[in-house]
Amino acid sequence: MNENLFASFTTPTMMGLPIVILIIMFPCIMFPSSNRLVNNRLISIQQWLLQLTSKQMMSIHNNKGQTWALMLMSLILFIGSTNLLGLLPHSFTPTTQLSMNLGMAIPLWTGTVLVGFRYKTKASLAHFLPQGTPIFLIPMLVIIETISLFIQPVALAVRLTANITAGHLLMHLIGGATLALMNISPTTALITFIILVLLIILEFAVALIQAYVFTLLVSLYLHDNT
């Protein structure tokens, strides 16, 4: 039990060079394109899920917001597939790295804010000062609203990082406890193994839910600025 709990979160290397870029590109293999007139079952299911998700997420947007549909669908596919691949044994989950999640959250958030200042300048500036604010509270409210605006991408990245990291750590701890208990108490080891299996099933759901939540929040930020 002397193994480092955070060893699985370190960036993997090959011959001293980081291979995280190859790992990030790997999920593209899960979504092959077909040139056939009639698609097979796998591609048909993928297209149906994409259409369902796109219809649900884009229904609240106007024409300007719907131009982001391709980017948002690519985002949810990338995060979801990366999270799922990270559940495989001896794998690496890039979304456990706060730097990568910030690298996704900050440009997308910046894009939505710039779109808001371009198309809804008055409404975007009005968010900094609610109507009917007393005069002596104006400076304080402007500072608070500014901080809340700039904390949005940080909250996006930290939420995704914390949920994925916590699940991986819990699976690591329960898996280590199961191995340690096999020679001490097989009955207890069986109980912890059942808990581990249930947790893995839960993590599959969390991997997809967190991808949807991240993309949905970006979509809501976009909706508020278009």
The condition of being of a type outside the set (A, V, I, L, M), under 30 Å from residue 25 (Cα atoms), out of contact with any strand residue (DSSP E or B) (no Cβ under 7 Å at 6 or more places or on another chain) and open to solvent by less than 80 Å² (accessible area, probe 1.4 Å) holds, among 111, 132, 116, only for 111
So is residue 148 over 23 Å from residue 221 (Cα atoms), open to solvent by 30 Å² or more (accessible area, probe 1.4 Å) and polar (S, T, N, Q) or not? no
All-but-one check, residue 190 against (1) farther than 30 Å from residue 124 by Cα; (2) without any contact (Cβ under 8 Å) to a residue 60 or more places away in the chain; (3) open to solvent by less than 50 Å² (accessible area, probe 1.4 Å); (4) not polar (S, T, N, Q), failing number (3)
Among residues of segment 119-129 being open to solvent by less than 90 Å² (accessible area, probe 1.4 Å) and of a type outside the set (Lys, Arg), the residue farthest from residue 68 (Cα to Cα) is 129
Only unsatisfied item for residue 181, checking (1) more than 21 Å from residue 93 (Cβ to Cβ); (2) touching a residue at least 12 places away in the same chain (Cβ under 8 Å), is (2)
Does segment 170-183 include one or more residues that are surrounded by 13 or more Cβ atoms within 10 Å (Cβ to Cβ), under 19 Å from residue 219 (Cβ atoms) and under 19 Å from the mean Cα position of the chain (by Cα)? no
When segment 59-72 is checked residue by residue, the ones that are in contact (Cβ under 8 Å) with a residue 12 or more places away in the chain and farther than 16 Å from residue 111 by Cα are 60, 62
Segment 1-97: helices (runs of 4 or more DSSP H) wholly inside it with 1 or more residues that are modelled with pLDDT of 75 or more are 41-58, 63-66, 69-85
Here the residues within segment 86-110 that are more than 14 Å from residue 160 (Cα to Cα) and in contact (Cβ under 8 Å) with a residue 60 or more places away in the chain are 87, 92, 108, 109
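Among the residues of segment 120-162, what is the count of those that are of a type in the set (Ser, Thr, Tyr) and outside any helix (DSSP H, G or I)? Full working, then the answer.
Initial filter on segment 120-162 (of a type in the set (Ser, Thr, Tyr)): 121, 124, 133, 146, 148, 161.
Those left that are additionally outside any helix (DSSP H, G or I): 133.
The total comes to 1.
The values are calculated or read from the model by the stated rules, or taken from the named source; none is laboratory data. All of these numbers come straight from a predicted model, not from anything done at the bench. Glycine gets a Cβ as well: all are built from the backbone with ideal geometry, and neighbour counts include every protein chain shown. Accessible surface is based on the protein model in full, side chains and every heavy atom, while ligands, DNA and RNA are left aside. Shrake-Rupley method; radii C 1.70, N 1.55, O 1.52, S 1.80 Å.
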